[in-house]
1. How large a share of the accessible area of the chain, in percent, is made up of carbon and sulfur atoms when the probe is 1.4 Å and the other protein chains stay in place?
2. Using Cα pairs under 8 angstrom and six or more residues apart, how large is the relative contact order of the chain, in percent?
3. Distance between the C-alpha centers of the range 5-36 and the range 207-284? Whole Å please.
4. Leaving ligands and nucleic acids out of the surface, order 243, 180, 6 by accessible area at 1.4 Å, largest first.
5. Rolling a 1.4 angstrom probe over the protein chains, ignoring ligands and nucleic acids, what is the accessible area of residue 127 in square angstrom, nearest 10?
6. If you average the C-alpha positions of the range 102-133 and of the range 43-97 separately, how far apart do those two centres end up, in angstrom?
7. Within the range 27-95, list the GluC sites (Glu not before Pro) lying in a DSSP loop whose Cβ has at most 15 other Cβ atoms in a 10 Å radius.
8. Cα gyration tensor of the range 237-277, axes a ≥ b ≥ c as square roots of the eigenvalues: rounded (a/c below 1.5), prolate (a/b > b/c) or oblate?
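The values are calculated or read from the model by the stated rules, or taken from the named source; none is laboratory data. Note that the coordinates shown come from a computational prediction; the quantities given were computed from them, not determined experimentally. Every residue, glycine as well, gets a Cβ built from its backbone with ideal geometry; the counts of neighbours run over all protein chains shown. What goes into the accessible areas is simple: the full protein's heavy atoms, side chains included, and nothing from ligands, DNA or RNA. Shrake-Rupley method; radii C 1.70, N 1.55, O 1.52, S 1.80 Å.
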Amino acid sequence: MYYSDDTIVYLDGKWTKAKDASLTLYNQSLHYGNAVFEGIRSYETEDGTLIFKAKEHYDRLHFSAQKMQIPLALSSETLTKLSYELLKKNNLTNAYIRPLIYPGENMSLVSGDDSHVLLCAWEWGRYLGDSLLRLMTSSFQRPNPKACFVEAKVTGHYTNSILATTEAKQEGFDEALLLDSNGFVAEGPGANFFFEKDEVLYTPKLGNILPGITRQTIFELANEMGIEVRESQFKVEDVYAADGAFFTGTAAEVAGIESLDGKNFGLQWSDTIGYELSRAYNNRVQKKEYKNFELV
Ligand code: PMP
């Protein structure tokens, strides 16, 4: 699904076939979850294949690496250039790019001096699918920001995400919504969360969530469309009373939500601001214009 016999990846300065690449079993990421990564999308546009917000993603990768003290010598510009080469070598246009920076052999609990750079890409549909989502409030909380750097994209944080999504699926829901360690709404396992009430958008403030690049794009679009967005702290009950809600993420894009804990939102998805923003987002990533919320 992720690669074929012909797939090429970038690994430590070389272009290698994915099927021939290898890594040491004594790698610190494999044992202790220490690595940093990104999830980036490219889109086919009138100007050719374009990586959406490559600089923002690679700058966040640098931020994550610096927080975890994992060396990353390649600049955001170089990583962007390599990403375009990667797409070309694999004949990809609409693709998902996964950079991963992982430490080498190291069975200690101290950051080491060496690291590896992997860039791979594959075609990936919208991560949460195209249907409206039925969420459950997770029994798992997001990691305590005093226990780790929640604003860094670290592989180990995703054990929390895996627990939450697995629980939600096993309970018959599509996805989880996690609260923070103070009981306020935080985010999804792999996406930021917004809800709307009386034509105002609300989203959890930074502090317990990944500062999403799609979240930022929603702020930009909402601003251009004259939609008010308030960042604050919310209880689950605030969400139950919402008119609509959606997740945002590079992989998920803008994913409409139908219900939380079996309680449906007040409006049909197609009547929400979220829906208009999902269309505006699609246009933005594909560099199409939008006017008065209409596709042109
Ligand atoms: N929160 C979490 C936990 C995520 O894994 C992601 C996906 N990277 C997001 C939010 C959304 O971030 P972005 O919009 O930058 O993809």
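1. Working: 7090 of 14400 Å².
Ligands and nucleic acids excluded, carbon and sulfur give 49 percent.
2. On the way: 605 pairs, mean separation 50.5, N = 296.
In percent, rounded to a whole number, it is 17.
3. 35 Å
4. 6, 243, 180
5. 110 Å²
6. Each part's Cα centre sits 13 Å from the other's.
7. Values: sites: 38, 44, 46, 56, 77, 85; in loops: 38, 46.
Loop-located and lightly packed - 46.
8. On the way: a/c = 2.27, a/b = 1.45, b/c = 1.57.
Oblate is the answer for the range 237-277, as a/c is 1.5 or above yet b/c matches or exceeds a/b.
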